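> Let me begin by handing over the structure; questions about it come next.
The values are calculated or read from the model by the stated rules, or taken from the named source; none is laboratory data. Just so it is clear, the structure is predicted and the values come from calculations on it, not from any experiment. A quick note on method: Cβ atoms are made from the backbone with ideal geometry, for glycine too, and the neighbour counts reach across all protein chains shown.
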């Protein structure tokens, strides 16, 4: 029986649609590469600090191709809490860790079942990989009769309570990463061995410790404890770099065919132990710390080169940032003698509630999407990564996910609009501060960290219990304006308490209009 003209037309259209679909190019969803330096100061990056004395050509290269942010902040002034914020899009103090950092043997900090940026991207069809320092806990198997590991930093010897012959649970694989290679926590914490997926790469059999700063006998040493016989601190950054470059090469073909990847690369550098490789020792002409910063910059360069070699730079969003400010262990006095300040013009250092603790470098590049050589002065937070990724993919996040993450996609596109109205800061001892517009309110009389005036020091007794600074004209936080602006201090205190109690800062009722400059 001959088909009717209508049936024939429909069949033709259907066949045409199938042919068109087969000929369509692979989806152009971007790859995401997120590089998190450890203790890198804002002032250490030449494109952010023209007066800086450390050469950072690859960070400068990334900025020239994309956007540098001049008012970016980590959610905490120390390691573990910031990493929690990046992964979950939540403020760190909403977790069980209210102050301090975890150790290398500590249990998982990210709550079971909580969505992370890795699990979200995995659901979107992304290949997910973490290469680097985790520092968010693992489910280590313990030897029989030994006490549970806690969130406290272990003394080192306690690491021998783990049964390293058994696979560990949790960690990156437990929160959405398909592949993991790296170290458990900061490189001054045990165990001193590489981890791959859910096992140690080499079982610790000896005790080891490393100088806090290579070539400086008086710098102290890391906690002695379980180590793999072949493990050496100075080999960690080169190995992470090599593994990341290899992963990019291995993932490029699939990326071009519509299977993009997310590479989260939390580095061990330039955190202590400050151990530049032999090829980098003395390169800066300044100090081992400056050498290590240059080597960290070179790691970024290797990643950028791999993306370029594979022809996938155009479809990759690369972020380079730091988990908090620079540590005093970098030897600020030695750096200052060469005219260099890792904290730039900010007050304080890592651990502090002052901006030196959490005002960090943040550079992003995505050719054709982010205007080259651009600068944003808008207030942003590392927590914003989760919401930004979702926005790029056109996905709406559930209300109970990434509660403190605000998309910065409009800013990346060069639009002046910024949805973030406030930002809550947190120090190593749990001190709170809130930023809104030009104002920053600190609910303490001290630094909340390691700078003067230190918590519980005699000097604090003579100071006001509240600090208020106008960051537009006093970025160094030198003049406390709480007494002359009591209404601003009261309003910001109320706003902070509201944001803590609401459980989310993405909801409309948690925002209020910023105060005009005064």
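> Considering region 377-403 alone, what residues qualify as being out of contact with any strand residue (DSSP E or B) (no Cβ under 8 Å at 6 or more places or on another chain), within 21 Å of residue 82 (Cα to Cα) and either assigned by TED's automatic domain parsing to the domain that holds residue 502 or buried (at least 17 other Cβ atoms within 10 Å of the Cβ) (or both)?
The answer is 383, 384, 386, 387, 388, 390, 397, 401, 402, 403.
> Just name the residue that is farthest from residue 104 (Cα to Cα) out of those in region 125-152 that are in a loop (DSSP other than H, G, I, E, B) and in contact (Cβ under 8 Å) with a residue 60 or more places away in the chain. If you could, list the steps in order and put the result at the bottom.
Going residue by residue through region 125-152, those that are in a loop (DSSP other than H, G, I, E, B) are 125-126, 134-138, 140-141, 143-152.
Checking the rest, the ones that are also in contact (Cβ under 8 Å) with a residue 60 or more places away in the chain come to 125-126, 134-135.
Working: 125: 31, 126: 28, 134: 9, 135: 7 Å.
Residue satisfying both the conditions and the ranking: 125.
> So, one more: Determine whether residue 74 is touching a helix residue (DSSP H, G or I) at 6+ places or on another chain (Cβ under 7 Å), farther than 15 Å from residue 402 by Cβ and surrounded by 20 or more Cβ atoms within 10 Å (Cβ to Cβ). Walk me through how you get there before you give the answer.
Numbers: touching a helix residue (DSSP H, G or I) at 6+ places or on another chain (Cβ under 7 Å): yes; farther than 15 Å from residue 402 by Cβ: yes; surrounded by 20 or more Cβ atoms within 10 Å (Cβ to Cβ): yes.
Answer is yes for this residue.
> Out of region 242-280, which residues are closer than 21 Å to residue 41 by Cβ and either crowded, with 24+ Cβ neighbours inside 10 Å or not assigned by TED's automatic domain parsing to the domain that holds residue 45 (or both)?
Within region 242-280, 265, 266, 267, 268, 269, 270, 271, 272, 273, 274, 275, 276 meet the criteria.
> Something else about it: Among the residues of region 43-64, is there at least one that is surrounded by fewer than 24 Cβ atoms within 10 Å (Cβ to Cβ), assigned to a helix (DSSP H, G or I) and touching a strand residue (DSSP E or B) at 6+ places or on another chain (Cβ under 6 Å)?
no
> Another question, if that's okay. Considering region 267-279 alone, what residues qualify as being outside any loop (DSSP other than H, G, I, E, B) and under 26 Å from residue 82 (Cβ atoms)? Walk me through how you get there before you give the answer.
Filtering region 267-279 for residues outside any loop (DSSP other than H, G, I, E, B) gives 274, 278-279.
The answer is 274, and nothing else.
> So how many residues does region 202-222 have that are under 24 Å from residue 36 (Cα atoms) and assigned to a loop (DSSP other than H, G, I, E, B)?
The number of residues fulfilling the criteria is 4.
> What about residue 98, is it in the same structural domain as residue 236 (by TED's automatic domain parsing) and out of contact with any strand residue (DSSP E or B) (no Cβ under 8 Å at 6 or more places or on another chain)?
Details: in the same structural domain as residue 236 (by TED's automatic domain parsing): yes; out of contact with any strand residue (DSSP E or B) (no Cβ under 8 Å at 6 or more places or on another chain): yes.
So residue 98 passes the test.
> While we're here: Residue 416 - would you say it is surrounded by fewer than 22 Cβ atoms within 10 Å (Cβ to Cβ), at negative phi and not in a loop (DSSP other than H, G, I, E, B)? Working first, answer last.
Values: surrounded by fewer than 22 Cβ atoms within 10 Å (Cβ to Cβ): yes; at negative phi: yes; not in a loop (DSSP other than H, G, I, E, B): no.
No, not satisfied.
> At pLDDT 95 or above, assigned by TED's automatic domain parsing to the domain that holds residue 270 and more than 22 Å from the chain's Cα centre (by Cα): which single residue out of 365, 337, 374 fits that description? So that I can check it myself, show each step before the final result.
Values: 365 fails: more than 22 Å from the chain's Cα centre (by Cα); 374 fails: more than 22 Å from the chain's Cα centre (by Cα).
Answer to the selection: 337.
> Right, here's the next one. Working carefully through the options 103, 137, 132, find the one that is modelled with pLDDT of 95 or more, at positive phi and out of contact with any strand residue (DSSP E or B) (no Cβ under 9 Å at 6 or more places or on another chain). Let's see the steps before the verdict.
Details: 103 fails: at positive phi; 132 fails: out of contact with any strand residue (DSSP E or B) (no Cβ under 9 Å at 6 or more places or on another chain).
When all the criteria are applied, what remains is 137.
> Out of 439, 385, report the one residue that is touching a helix residue (DSSP H, G or I) at 6+ places or on another chain (Cβ under 8 Å), touching a residue at least 12 places away in the same chain (Cβ under 8 Å) and over 22 Å from residue 477 (Cβ atoms). I'd like the intermediate steps shown before the answer.
Values: 439 fails: over 22 Å from residue 477 (Cβ atoms).
After applying the criteria, what remains is 385.
> Would you pick out the residues in region 169-193 that are part of a loop (DSSP other than H, G, I, E, B) and crowded, with 21+ Cβ neighbours inside 10 Å?
Kept after step one, since they are part of a loop (DSSP other than H, G, I, E, B), are these residues of region 169-193: 170-171, 176-178, 184-191, 193.
Within region 169-193, 171, 176, 177, 184, 185, 186, 187, 188, 189, 190, 191, 193 qualify.
> Here is a list: 348, 311, 301, 325. Which entry is surrounded by fewer than 23 Cβ atoms within 10 Å (Cβ to Cβ), part of a loop (DSSP other than H, G, I, E, B) and modelled with pLDDT of 95 or more?
Working: 348 fails: surrounded by fewer than 23 Cβ atoms within 10 Å (Cβ to Cβ); 301 fails: part of a loop (DSSP other than H, G, I, E, B); 325 fails: surrounded by fewer than 23 Cβ atoms within 10 Å (Cβ to Cβ).
On inspection, the qualifying residue turns out to be 311.
> A further question on this structure: Would you check which residues across region 474-485 are without any contact (Cβ under 8 Å) to a residue 12 or more places away in the chain and either touching a strand residue (DSSP E or B) at 6+ places or on another chain (Cβ under 6 Å) or exposed (fewer than 13 other Cβ atoms within 10 Å of the Cβ) (or both) and list them?
479, 484
> Collect the residues in region 469-505 that are closer than 23 Å to residue 404 by Cβ and either in the same structural domain as residue 377 (by TED's automatic domain parsing) or outside any helix (DSSP H, G or I) (or both), keeping them in residue-number order.
Of everything in region 469-505, those that are closer than 23 Å to residue 404 by Cβ and either in the same structural domain as residue 377 (by TED's automatic domain parsing) or outside any helix (DSSP H, G or I) (or both) turn out to be 469, 471, 503, 504, 505.
> Out of (1) outside any loop (DSSP other than H, G, I, E, B); (2) in contact with a strand residue (DSSP E or B) (Cβ under 7 Å, 6 or more places away or on another chain); (3) buried (at least 24 other Cβ atoms within 10 Å of the Cβ), what's the single condition that is false for residue 353?
Only one criterion in (1) outside any loop (DSSP other than H, G, I, E, B); (2) in contact with a strand residue (DSSP E or B) (Cβ under 7 Å, 6 or more places away or on another chain); (3) buried (at least 24 other Cβ atoms within 10 Å of the Cβ) is unmet by residue 353, namely (1).
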